[in-house]
Amino acid sequence: MLKFRLLALALAGASIITARGDTVITENFSSDPLRNGWNVFGDANLFQWDSTNQDLRVTWDSSQVNSYFYHPLGTILATNDAFSVAFDLALSDATATGTFEVAVGLLNFSDATNADFSRPLGSTPNLFEFDYFPNGGYGPTIAATLTDTNVSTTNMDDFYFVYDDLPLALGVTYHINLAHAAGHPTISGEVLTNGQLYTSLPKVYAGPIADFRIDTVSVTSYSAAGDTNGDSLLAHGTVGNMVIALPPPSIQNVTGAFSNGVWQVQFSSQSDWLYTLERTTDFRLWTSLSPITPGNATHLILQDTNPPANKAFYRVSASRP
């Protein structure tokens, strides 16, 4: 079970409530992204902020380890959520041998940083990303890729991707849109340049996608380690003007107060989340006070029927089953 604690600190006897979670994440790289919640996993030399051009300069180098320039989404996305990703991409050079990709999109950070995670071996659970495969002997391909929680080296069928056999011209800025419709095991995408549609990725490979769990946006350089076909990639380019549209936060409109001597927290819930009220007096140890309660897509009340005599702090833990 994946857990995500959004909210809610409430001081018993007072009304101090804070909530986190935006419905849109934007990054135009006008200021240093590393001071704006972005981080690097892997080889930091592959990612450089360009303050003059206000974009991210990227090296996609398959000879290095899996590397991510990433930002947590602040939520966990699943099949029943509607969301989208948009960004600008321009390549200055791209040399491939065989089949290997430039990648930007969404992933599950815990999975992607696991030692067993391998793009060339197909062990890539929980991906939602744009991929460009330069011509390495098999023709260029532009794709939008979705995988579920079950895909692995022994189960490589659980890929759904839409694609087109077209190149990305060097030195041209493309605007990429990826979208997921709530309740559908699919991904859709389009590529534009100068405001005109270049491709809507009309070709489909429809693998059997089950549910997924995604929590991070990433500019991704995959490693070719373990590739038995000699596939490789070295490409340079820029990424800019990112916009990630997310569903409403799992916890909204929070209030906390005593009612007949019982401390209770009331909030707007989502039907596809599970909630638990937790309490601490020292911010080190948190105690679960309520059973795991399914959301009801409306107001939900969780209670502490035996609050301490002194003071306590509360939060609501929201998790996806």
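Structure summary
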read-out: Among (1) in contact with an Asp or Glu (Cβ under 9 Å, 6 or more places away or on another chain); (2) farther than 30 Å from Phe100 by Cβ; (3) in contact (Cβ under 8 Å) with a residue 40 or more places away in the chain; (4) not in a loop (DSSP other than H, G, I, E, B), the one test that Arg279 misses; value: (3)
read-out: Meets criteria (of a type in the set (A, V, I, L, M) and surrounded by fewer than 14 Cβ atoms within 10 Å (Cβ to Cβ)) for Ala297; value: yes
read-out: Condition check for Val254: closer than 30 Å to Tyr70 by Cα and of a type outside the set (Phe, Trp, Tyr); value: yes
read-out: Residue within region 224-242 that is within 30 Å of His175 (Cβ to Cβ), touching a residue at least 24 places away in the same chain (Cβ under 8 Å) and outside any strand (DSSP E or B) present; value: yes
read-out: Candidates Thr228, Thr220, Thr193, Thr281, filtered to the one that is polar (S, T, N, Q) and not assigned by TED's automatic domain parsing to the domain that holds Asp158; value: Thr281
read-out: Unmet criterion (only one of (1) within 18 Å of Thr79 (Cα to Cα); (2) in a loop (DSSP other than H, G, I, E, B)) for Ser290; value: (1)
read-out: Count of residues meeting criterion [farther than 24 Å from Ala181 by Cβ and either touching a helix residue (DSSP H, G or I) at 6+ places or on another chain (Cβ under 9 Å) or among the aliphatic types (A, V, I, L, M) (or both)] in region 252-300; value: 9
read-out: Cβ pairs under 6 Å, 6+ apart, first in region 88-111 and under 17 Å from Ala225 (Cα atoms), second β-branched (Val, Ile, Thr); value: Ala103/Thr220
read-out: In region 120-150, the residues that are modelled with pLDDT under 95 and crowded, with 21+ Cβ neighbours inside 10 Å; value: Pro120
read-out: Meets criteria (of a type in the set (A, V, I, L, M, F, W, C), closer than 25 Å to Asn53 by Cβ and assigned by TED's automatic domain parsing to the domain that holds Tyr174) for Ala86; value: yes
read-out: Condition broken by Asp304, with the remaining ones in (1) over 27 Å from the mean Cα position of the chain (by Cα); (2) crowded, with 18+ Cβ neighbours inside 10 Å; (3) at pLDDT below 90; (4) not aliphatic (A, V, I, L, M) satisfied; value: (3)
read-out: Options Val85, Val40: the member that is surrounded by fewer than 20 Cβ atoms within 10 Å (Cβ to Cβ), modelled with pLDDT of 95 or more and among the β-branched types (Val, Ile, Thr); value: Val40
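Per-residue answers, yes or no, for (1) among the hydroxyl-bearing types (Ser, Thr, Tyr); (2) touching a Cys at 6+ places or on another chain (Cβ under 6 Å); (3) assigned to a strand (DSSP E or B):
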{"residue": "Gln64", "(1), (2), (3)": "no, no, no"}
{"residue": "Ala90", "(1), (2), (3)": "no, no, yes"}
{"residue": "Phe100", "(1), (2), (3)": "no, no, no"}
{"residue": "Tyr138", "(1), (2), (3)": "yes, no, no"}
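The values are calculated or read from the model by the stated rules, or taken from the named source; none is laboratory data. Everything quoted here is computed from the prediction, not taken from an experiment. Every residue, glycine as well, gets a Cβ built from its backbone with ideal geometry; the counts of neighbours run over all protein chains shown.
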